[in-house]
Each structure stands twice: as structure tokens, then as C-alpha cells.
Amino acid sequence: MGRTWVVVGAGSAGAVVAARLSEGPDTHVVLLEAGPDHDAAHTPPALAGQNFLAALAEPGRTWDLLAERRPGQPRRPYWQGRGVGGSSAVNALVVLRGLPEDYDTWARLGARGWAWRDVEPTFAALATTGARHLPALGTWSPLERAVARAARDLGYPWCPDPDAAGAEGIGPAPLALRGGRRSASNDAYLEPARARPNLTIRGDVLVDRVLVAKGRATGVRTAGGEEVGADGVVLCCGAVHSPALLLRSGLDRPGVGANLADHASAGLSLALREPARLADDRARPLSSLVRTSSGTTAGRGDLQVLTLGATGAGPAGRAVGAVQVALMRVFSRGRVTLRDDDPASPPDVRFDLLADGRDRARLRAAVRRLLDLVEHPAVEAVTELVACDDRGTPAAVLHDDRALDAWLEGAVGDYVHAAGTCRMGRPDDPMAVVGPDGAVLGTEGLWVVDASVMPDLPRANTHLPTVMLAERLAAWLVVPPASSSVIGQSRPWGR
């Protein structure tokens, strides 16, 4: 009889892991998802379309989670996808790899086998098999086209593909679209696998804890008290919920929940003139991005600007756009902890964005660049007001140094790219939670496979890097490396 696996979480990573493990007919895979399950044919229209704002508004498809960005800031919603597809079903669709030096940093931090030379073949395979659409300029929202004209006048080069070597400038954002439809991990990985008799997908099952006996994971217990046994348990719950599940299970290495990172960001709201508003809620609000550099020791490509042609559904949401700048390389870290042992209680999430002075200085300078863009005549022609808060305070006040510093303290936000809370590292590193193969240190039969294992955030939106690491780690679950020396040797990744 083959091996039985329990995979917890059916998001960007869990769908990959369950699909790959169930390719072997002598295995049995049970995929448990806290949110709803459905096949591709029954995907809610909002989750199949190109407007991520409509997807985020779909009832029951995000966790009821609040997070603190800065000490003293009120806790605000932190969107994490819930249901098959996870965050890949509700995110902004952007698929970027990051830079080679991002993954070389992973290896330098103890994740042996994760340097660029190791991961690049997997990214290359995903580029040929995955959904990746570069929207033509004529399909961008009116606000994005105006920002593009401003950016070119201000000296930003045209960038036809931000994943090209050395690419910087303004251009199309690669989007996870296939045939005009969102391609979430449910579509790309679970749909082709659903008919397999050795794959069981169960939705609306909240997992309470991992069951451990004599130092080995033996299964999981659900919030309803059911015990699901397994030879191997793989947690794919994301950088907020995977550490919370480990903590509830009594697996509390010092690094569990630590090293929490997100791409710190700041944005401005733009009241749009009538001709610049999207026609309806089916229209795509995001088609472009700017990749650029701060010129500091943070390295190249450490800034990203996104322009949204709308900020919500309905006429009110379409009347307001936004321009947002983010630090794609960050040094500040926060932590995820438990409020209590109830699996239904949201974890305590504190990012402490801008705690590191390098982040604060770069975001401060980046907002100055944002002001240059929104004050350009091309953008002024399509906007009635550019504001820096919900009260309609004109963004021009941010030219004052003190006003900018005070505003950043209250306005700094995130990109909803949580990572790092179960990071990979060497076994002798007290802050490492898993080894380079995803295995939880000190506990046999237990793995973590999601963005939480990233030692550092890549300079990219995190969906594609998460799929990449899930592909590689799933392969090692099927065929474990013979020794640590072969970890990282790539193999074909046909789909």
C-alpha cells in the first residue's frame, strides 16, 4: 500500500503539492481547505474575471483577518484568499519572478539549493506552461495610460517585459490570464487532477492542529474534532496561518512566526474625471507597472509603482483611482503570534513596517517620485483631485518634509505579500523552521510549503515565486534527494 498524505490548504502552493503528489497512483492524497471547494465550471464569476477588486468583494473568499502595519496604527483588513485557489483566486493577477540576486540571497541565508541557477529552470518551465498575459497599451485603463505618458516624459524607459534581464521602466504587468479568464491554482493544478481516484478534496474543513507522536507527525485534527491520519503532513496555509497551525500544535521553535515580511507601500487616491472612469465592474483596473531603483544599497529594481484605474466595485469605486509605490526589497520584520488556541481565532499579525531606517528613507524618497507622476499634466488632465487620505487632503501637502514623515507613519501599508514566518535555513540556525527541503526541523513527517518558508522576500509579487517553490518541493516529496548535496538539482517540470 502506498503512502497517505494530508495537505492542508488549497491555495497557490497547496494546489500544486496535492496535484503533484497525486500523480503517483500508489499514493493517496487528502487535501483539506478551510474555505469552499468547487471545480472550474462552478467558479463564481467575480473570481473568474479580470477585476481583482470584484474578486476581493466576493463573500466568504477572504479570511476575517486584521493586521497592524505600524505600532499605533489601527488594525485594518489583511486580505488572504480563502477557498480553493487561495490568494491566487483574489489577488491582482501579477506574475513576476523576482531578480536573480533575490534567490542567491536565499542560498546565502542557509537555503542551500535555492540560488538563481537552481530555481531558474523551474521559472523557465512555468513561463512556457503557465498563464502569462502582457496587456497591450490600448487595453489599459485611462488613468494607467496617463501615468504612462507622465512616466515617459519624466525619463522612465519603456519596459515591454519586466521579467527581462535588467528590465526597468514603465510597461505591461504580466498577468495570470488565459483566454481572458483568471488562471488561479485551482484551474491550473486541481482541475486536471480532480478525476483522480487517489485525490480527495474537502472544502470547509478548518484544521486545528498537527498530531504528533514520538517526534513524528501522524495526521491532523480538524476544528470539529475529526482526526485524519497520514504518513506525511504538508502545511500550505500561507505565512499567517502556517505558523499559527504550528504554534497550536506545540511546535514552537524560536523562528515560528518570526521574520514576517511584506512589501511596504504608500499610495495616493485620484478622483477621476468622468471620461477616465472604467465602464463597468468587469473592466480590468490593473494592467501596468513601473519597475525602478532607489539608487541605494538596497540594489536594483527595489521599487514598484502600480496604478489602479478603480479602487472598488460600483460607480463610487470606479470614480476613484490610485497610484501606489512599494519597496520590493525590505529590511523591516514583524511577527505572527497566537491570541489563543482556538483555530477560529485570527492570529495576531504585526508587521512593524518601516522599523528599519533603510526602508523608511527609501519609501520617503519614493513618495516624492509618486508626486512627480501625479502632478504631471497628463495625469492632471484625467483627475479632479489627488488626495493623500480619506478626508480629501490634497497630496501636495506632502512636499513638506514634516507632513510627509507624519503621513507615512499613519499611511504606510503593505502589498498583502506576507512571507518568511517559517523560513528555510540550516539545521543549526535557531531561527530556521524548515530545512531547504521544506521539512520541519525536529519533527519527522511534517513539511511546510508556502511563502512562509522564504528566507527573504523576492522583488516580485509573491504568487509565481510561491508556485515555483511548491513545484520544486513537491518533486522532492515524491523523490527525496539522496543527500543534501543534490538539493537544488533541477529536473523537467512538465505539466
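The values are calculated or read from the model by the stated rules, or taken from the named source; none is laboratory data. Remember, it's a predicted structure, so these values are computed and weren't measured experimentally. Backbone-built Cβ (ideal geometry, glycine too); neighbour counts: all protein chains shown.
Worth a mention:
- All positions within region 91-108 that are surrounded by fewer than 20 Cβ atoms within 10 Å (Cβ to Cβ) and touching a residue at least 24 places away in the same chain (Cβ under 8 Å): 101
- Taking region 23-39 as the range and being modelled with pLDDT of 95 or more and either farther than 18 Å from residue 183 by Cα or among the aliphatic types (A, V, I, L, M) (or both) as the test, the residues that pass are 23, 27, 28, 29, 30, 31, 32, 33, 34, 35.
- At least 3 residues being under 19 Å from the mean Cα position of the chain (by Cα) is the threshold, and among the helices (runs of 4 or more DSSP H) wholly inside region 30-119 those reaching it are 52-56, 100-108.
- Selection of first residues in region 129-151 that are more than 19 Å from residue 324 (Cα to Cα) and of second residues that are at pLDDT below 95 and not in a helix (DSSP H, G or I), restricted to Cβ pairs under 7 Å at least 6 apart or on distinct chains, gives the following pairs, ordered by first then second residue: 129/495.
- Of all residues in region 133-155, exactly one satisfies the criterion of being of a type in the set (Asp, Glu) and either out of contact with any Ser or Thr (no Cβ under 8 Å at 6 or more places or on another chain) or at pLDDT below 95 (or both), namely 153.
- When the test is whether a residue is buried (at least 22 other Cβ atoms within 10 Å of the Cβ) and modelled with pLDDT of 95 or more, residue 176 passes it.
- Count of region 192-243 residues which are more than 23 Å from residue 471 (Cα to Cα) and free of Cβ contacts under 8 Å to residues at least 60 places away in the same chain: 8
- Options 354, 270, 373, 338: the member that is surrounded by 23 or more Cβ atoms within 10 Å (Cβ to Cβ) and over 21 Å from residue 392 (Cα atoms): 354
- If you go through region 142-170 and keep only what is of a type in the set (A, V, I, L, M, F, W, C) and not in a loop (DSSP other than H, G, I, E, B), you end up with 143, 146, 147, 148, 150, 151, 158, 170.
Matching residues to (1) closer than 19 Å to residue 144 by Cβ; (2) surrounded by 14 or more Cβ atoms within 10 Å (Cβ to Cβ); (3) free of Cβ contacts under 8 Å to residues at least 60 places away in the same chain:
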position: 382; (1), (2), (3): yes, yes, no
position: 386; (1), (2), (3): yes, yes, no
position: 402; (1), (2), (3): no, no, yes
position: 405; (1), (2), (3): no, no, yes
position: 408; (1), (2), (3): no, yes, no
